[in-house]
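**Student:** Have a look at this one.
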Amino acid sequence: MASLRNDPYAALLSSPLGKRVVDSLGLPQPTKLRRYAVDAPVLDGAALIGGLGEDTPIADRAKALLETEGVEIGDPFDTLPVAAVIVDLTAMAGPADLERLRAVVAPSLKRLTSSGRVIVVGRPWESARTVEQAAAHRALVGATKSIAKELRAGATANLVLVAERAEDNVEATLRFLLSGRSAYVSGQVIEVGGTGNGDSLLLPDDWTQPLAGKVAVVTGAARGIGAAIAEVLARDGATIVAVDIPAAGQALAGVANRLHGTALQADVTAADTGERIVDHCHLRHGRLDIVVHNAGITRDKLLANTDEARWASVLDVNLLSILRMNEAILGEGGISDHGHLVLVSSIAGIAGNRGQTSYGASKSGVIGLTQALSRDSAVQARGITVNAVAPGFIETEMTGSIPFATREVGRRLNSLQQGGLPIDVAETVAWFSQDANAGVTGQVVRVCGQSLIGA
Amino acid sequence: MSSDFPRKVAILGGNRVPFARSGGAYAAASNADLFTTTLDGLIARFGLAGEQLGDVVAGAVLKHSRDWNLVRECILGTALDPRTPAFDLQQACGTGLEAAIVVANKIALGQIDSGIAGGTDTASDAPMSLSDGLRGVLLALNRAKTPAQRAAALATFRPAYLSPQVPANVEPRTGMSMGDHMAITAKEWGITREAQDELAVASHHNLAAAYDRGFFDDLVTPYLGLTRDANLRPDSSVEKLAKLSPVFGKGDGATMTAGNSTPLTDGASAVLMGSESWAAAHNLTPLAWFVDAQTAAVDYVNGRDGLLTAPVFAVPELLARQGMSLQDFDFYEIHEAFASTVLTTLAAWGERRVLP
Ligand SMILES: NC(=O)c1ccc[n+]([C@@H]2O[C@H](COP(=O)([O-])OP(=O)(O)OC[C@H]3O[C@@H](n4cnc5c(N)ncnc54)[C@H](O)[C@@H]3O)[C@@H](O)[C@H]2O)c1
């Protein structure tokens, strides 16, 4: 199996930009990011909440959420530290209203604690009523990404675009962004819409067990990111069906046993794997609610030297297998209504990478698949969500084997100045898998610490 | 005792590690390593982590004295509830089968609801060993890719290599190896060299085809880099086997070669069994029902029985008890120590004749 260690840095590391970063080694130690723990508070300090105008539906909901969780709401006029600032700009009518973003966020930045959060909220600009409104809401993208780059000490900034009448669907996303679950997610734009079939979404009885009673399949679960995904889904309450190639059976058994799940040895490219997954889940666990298409390979080579077999193997494992398995998974007796599909893409699928044409194609294809499938009328009618996560530099055994200087460059080229952990990818996958998050579909969220690549 | 017993016993599934040539991939692995890996694979496949099973019964033929509580020690290394009882038993080649009978009987009698039976062996000093010289020749032959390499490998062969170096691997009462015993039986039954080679080749080809079509995808847990049985030779052919010289038996009529005899092998396997209700409660579909079993022993020391012919006597007894005939079965499995064992057993069953 080819390692994924070059994803997607190999070429970059030898570039002039990479060299400059190497030269600047001796940077201060990166901040230890605040990560989720079952018993940790949603936020480890006070939150500032601001908005534009009288009608601030998301600010109101954020306030209610934080009050339930016992988080203090900070005073905008003092200078005490705050762990988050949330600004609700859903009411913006034109670019002049952007001043409100500055007015709320600018004074709070100096007060932001380590691993603090900036959450900017707007409306999807495509559905704006006027050109002015579209311009203003689209402006939030550039603004939020710039704020994310200005932040220090592990703080992140993300933009949430909430569709009209979908305001009630925002809680899972706010919780995700405020908590340590989103430690390595920054500079991202997340759209929250209605549920596909108009049903109101189900909130969990217990936010520490948002996947309770669910059965989740994770492909490529024997090691790396897939093993972390299985672990986090299990922690959040799901029963795990861990899938990997037969040759990885021993490690797979270790993962399944640790999580008290079951192991299914199957190659995702085999014609009957989709059916075997569906049968296994229904026969053994009585249902199937979540499928994470994580299995992936690289066969890096310059395109000029890539033969048909090498090309085909990458596209088959990373892209075609997903389409094939989805036939059974989305077919009669497959995944339940209100289920969740999560695909693992890569920033190489967004930015491209020298020597990774096949991989870049497959991971870009995953994004197209995600977006198109999320809009499929049958999928929407069943309330099934389809989302993708695009990891950046993730610290795995493989990235660990990259020579030190090279590795340093890879992990520093992002706003958080460090590599992510497999658990960071897993947390995003788990958030996509929540029923409470049924308003989020067709989204591609990068877990890359706002990597400079393809940003 | 309540009249609810005996009750049905379901065979629910199995697992094994790929089998390795002795001294090969598992050279540094112990019986416990092999069996623990096998159990953990089974536990993962059937979602048994944290479960307390009724009993786990297994054994090894070749056991170090430190392994006096081998199976129970294995359990403590697995994901099973550590309160799962276990014990070792041993009945030569029938160890694993006897373990399965014990577990089934306990389930049938209602003493336990679930159990695992199995066996593990690393055969570094099993009762059959070829001389190092012959091993060298055969291994070189195995590695050879071209006819020239094959010829070169065969050219290193010396007649002296034929004497098996098996000082300890003999039946204590006859001083003969299992292979030499079998050679006598094969001769008595007129089992031809050609038939043995054909069976061996078919066996290799069928096993290779089964791997290729994914039959073993969910039956095997790879171990120490081995994903398929190391003894498997997909390119085996009757022509190639015909070139090998006999290693068991003497003289012109000797038919048993390294090609149609089982090499020394390391491995472990396990089978999960349960009552009908236990299976249902765990959403497991029975693959088959354990109905009955029969053990036999033969007088190979003073009498005229062949050492490996016990099944020839056991099966008719079993059939008579159940009022069944061999035609009532869809599948038969015959322990395949040597191709000639299988052919002798089939011949004896077919002729309804047993050795006097
Ligand atoms: N590691 C990174 O930095 C990184 C970055 C971006 C994207 N990704 C993506 O994340 C996913 C997981 O990556 P990882 O780093 O954990 O890799 P990994 O190589 O450690 O794990 C991949 C797993 O997928 C399994 N797999 C491969 N082919 C399979 C097949 N045909 N059928 C079933 N299972 C198969 C492998 O056996 C392995 O267990 C991949 O899709 C990868 O493209 C990784």
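The values are calculated or read from the model by the stated rules, or taken from the named source; none is laboratory data. Just so it is clear, the model here is predicted, and its values are computed rather than measured. As a convention, Cβ positions derive from the backbone with ideal geometry for all residues, glycine included, and neighbour counts pool all protein chains shown. In case anyone asks, the SASA skips ligands and DNA or RNA and just uses the protein heavy atoms, side chains included. Shrake-Rupley method; radii C 1.70, N 1.55, O 1.52, S 1.80 Å.
**Student:** With respect to A:Leu343, determine if the residue is within 15 Å of the ligand (Cβ to nearest atom) and surrounded by 21 or more Cβ atoms within 10 Å (Cβ to Cβ).
**Tutor:** yes
**Student:** Among A:Ile402, A:Ile384, which is the only one that is away from the ligand (no atom under 14 Å from the Cβ), among the β-branched types (Val, Ile, Thr) and open to solvent by less than 30 Å² (accessible area, probe 1.4 Å)?
**Tutor:** A:Ile384
**Student:** Output the residues belonging to region A:286-310 that are over 27 Å from the mean Cα position of the chain (by Cα) and either part of a helix (DSSP H, G or I) or crowded, with 23+ Cβ neighbours inside 10 Å (or both).
**Tutor:** A:Leu303, A:Ala304, A:Asn305, A:Glu308, A:Ala309, A:Arg310
**Student:** Being assigned to a helix (DSSP H, G or I) and out of contact with any Leu (no Cβ under 7 Å at 6 or more places or on another chain) is the filter here, so list the residues in region A:342-368 that pass it.
**Tutor:** Answer for region A:342-368, where residues must be assigned to a helix (DSSP H, G or I) and out of contact with any Leu (no Cβ under 7 Å at 6 or more places or on another chain): A:Ala348, A:Gly349, A:Ile350, A:Ala351, A:Tyr359, A:Gly360, A:Lys363, A:Ser364, A:Ile367, A:Gly368.
**Student:** Restricting to region B:75-87, name every residue that is buried (at least 20 other Cβ atoms within 10 Å of the Cβ) and under 21 Å from B:Val61 (Cα atoms).
**Tutor:** Correct list: B:Ile75, B:Ala86.
**Student:** Of the residues A:Asp267, A:Asp279, only one is closer than 19 Å to A:Ala216 by Cα, acidic (Asp, Glu) and either out of contact with any helix residue (DSSP H, G or I) (no Cβ under 8 Å at 6 or more places or on another chain) or part of a strand (DSSP E or B) (or both); which?
**Tutor:** Of A:Asp267, A:Asp279, the one residue that is closer than 19 Å to A:Ala216 by Cα, acidic (Asp, Glu) and either out of contact with any helix residue (DSSP H, G or I) (no Cβ under 8 Å at 6 or more places or on another chain) or part of a strand (DSSP E or B) (or both) is A:Asp279.
**Student:** Still on this structure, I have one more. May I ask you to verify whether B:Arg7 is over 16 Å from B:Val271 (Cα atoms) and part of a loop (DSSP other than H, G, I, E, B)?
**Tutor:** Yes: the conditions hold for B:Arg7.
**Student:** Taking B:Glu51 as meeting all but one of (1) open to solvent by 20 Å² or more (accessible area, probe 1.4 Å); (2) more than 12 Å from every other protein chain (Cβ to nearest Cβ); (3) in a loop (DSSP other than H, G, I, E, B), write down the number of the exception.
**Tutor:** Here B:Glu51 meets the rest and fails (2).
**Student:** Return the only residue of B:Asn231, B:Asn260 being touching a helix residue (DSSP H, G or I) at 6+ places or on another chain (Cβ under 6 Å), surrounded by 18 or more Cβ atoms within 10 Å (Cβ to Cβ) and farther than 24 Å from B:Ile116 by Cβ.
**Tutor:** On inspection, the qualifying residue turns out to be B:Asn260.
**Student:** Of everything in region A:320-340 that's crowded, with 24+ Cβ neighbours inside 10 Å and within 15 Å of the ligand (Cβ to nearest atom), which residue is farthest from A:Gly213 (Cα to Cα)?
**Tutor:** Across region A:320-340, the extreme among qualifying residues is A:Ile322.
**Student:** Could I ask something else about it? Suppose the filter is open to solvent by less than 10 Å² (accessible area, probe 1.4 Å), in a loop (DSSP other than H, G, I, E, B) and in contact with a Gly (Cβ under 9 Å, 6 or more places away or on another chain); does A:Ser374 pass it?
**Tutor:** Against the criterion (open to solvent by less than 10 Å² (accessible area, probe 1.4 Å), in a loop (DSSP other than H, G, I, E, B) and in contact with a Gly (Cβ under 9 Å, 6 or more places away or on another chain)), A:Ser374 does not qualify.
**Student:** Yes or no: A:Leu33 open to solvent by less than 50 Å² (accessible area, probe 1.4 Å) and in a loop (DSSP other than H, G, I, E, B)?
**Tutor:** Yes: the conditions hold for A:Leu33.
One line per residue, one yes/no per condition, for (1) more than 14 Å from chain A (Cβ to nearest Cβ); (2) open to solvent by 40 Å² or more (accessible area, probe 1.4 Å):
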| site | (1), (2) |
| --- | --- |
| B:Thr185 | yes, no |
| B:Gly190 | yes, yes |
| B:Asp197 | yes, no |
| B:Ala200 | yes, no |
| B:Ala208 | yes, no |
| B:Arg213 | no, yes |
| B:Phe216 | no, no |
| B:Leu219 | no, yes |
| B:Tyr223 | no, no |
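**Student:** Take region A:202-222 and flag every residue that is within 13 Å of the ligand (Cβ to nearest atom) and either modelled with pLDDT under 95 or part of a strand (DSSP E or B) (or both).
**Tutor:** Within region A:202-222, A:Val217, A:Val218, A:Thr219 qualify.
**Student:** Right, another one. Scan B:Gly50, B:Gly14, B:Gly59 and give me the residue that is small (Gly, Ala, Ser) and closer than 19 Å to B:Pro222 by Cα.
**Tutor:** On inspection, the qualifying residue turns out to be B:Gly14.
**Student:** Exactly one of (1) in the same structural domain as A:Ile297 (by TED's automatic domain parsing); (2) aliphatic (A, V, I, L, M); (3) over 20 Å from A:Val232 (Cα atoms) is unmet by A:Leu452. Its number?
**Tutor:** It is condition (1) that A:Leu452 fails.
**Student:** Taking the stated definitions as given, is A:Gly333 under 29 Å from A:Ser200 (Cα atoms) and part of a loop (DSSP other than H, G, I, E, B)?
**Tutor:** It is true that A:Gly333 is under 29 Å from A:Ser200 (Cα atoms) and part of a loop (DSSP other than H, G, I, E, B).
**Student:** Do we have A:Ala361 as without any contact (Cβ under 8 Å) to a residue 60 or more places away in the chain and more than 12 Å from the ligand (Cβ to nearest atom) here?
**Tutor:** yes
**Student:** Moving to a separate point now. If I ask for residues that are farther than 18 Å from B:Leu39 by Cα, within 8 Å of chain B (Cβ to nearest Cβ) and open to solvent by 10 Å² or more (accessible area, probe 1.4 Å), which ones from region A:239-271 would you list?
**Tutor:** Listed by number, the residues that qualify are A:Asp267, A:Ala270.
**Student:** Might you let me know whether region B:59-67 holds any residue that is assigned to a helix (DSSP H, G or I), within 13 Å of chain A (Cβ to nearest Cβ), of a type outside the set (A, V, I, L, M, F, W, C) and touching a helix residue (DSSP H, G or I) at 6+ places or on another chain (Cβ under 7 Å)?
**Tutor:** Checked region B:59-67: no residue is assigned to a helix (DSSP H, G or I), within 13 Å of chain A (Cβ to nearest Cβ), of a type outside the set (A, V, I, L, M, F, W, C) and touching a helix residue (DSSP H, G or I) at 6+ places or on another chain (Cβ under 7 Å).
**Student:** Sort through B:Ala268, B:Ala279 and tell me the only one that's open to solvent by less than 10 Å² (accessible area, probe 1.4 Å), among the hydrophobic types (A, V, I, L, M, F, W, C), within 14 Å of another protein chain (Cβ to nearest Cβ) and within 20 Å of the chain's Cα centre (by Cα).
**Tutor:** The match here is B:Ala268.
**Student:** Could you please let me know if A:Ala227 is within 14 Å of chain B (Cβ to nearest Cβ), in contact (Cβ under 8 Å) with a residue 60 or more places away in the chain and either away from the ligand (no atom under 16 Å from the Cβ) or in contact with a helix residue (DSSP H, G or I) (Cβ under 9 Å, 6 or more places away or on another chain) (or both)?
**Tutor:** So A:Ala227 passes the test.
**Student:** Within region A:134-182, take every residue that is surrounded by 19 or more Cβ atoms within 10 Å (Cβ to Cβ) and polar (S, T, N, Q) and give me the one that is nearest to A:Pro57 (Cα to Cα).
**Tutor:** A:Asn169
**Student:** Suppose we filter A:Val409, A:Val444, A:Val389, A:Val425 for residues that are surrounded by fewer than 22 Cβ atoms within 10 Å (Cβ to Cβ), in contact with a helix residue (DSSP H, G or I) (Cβ under 6 Å, 6 or more places away or on another chain) and touching a residue at least 24 places away in the same chain (Cβ under 8 Å); which single one remains?
**Tutor:** A:Val444
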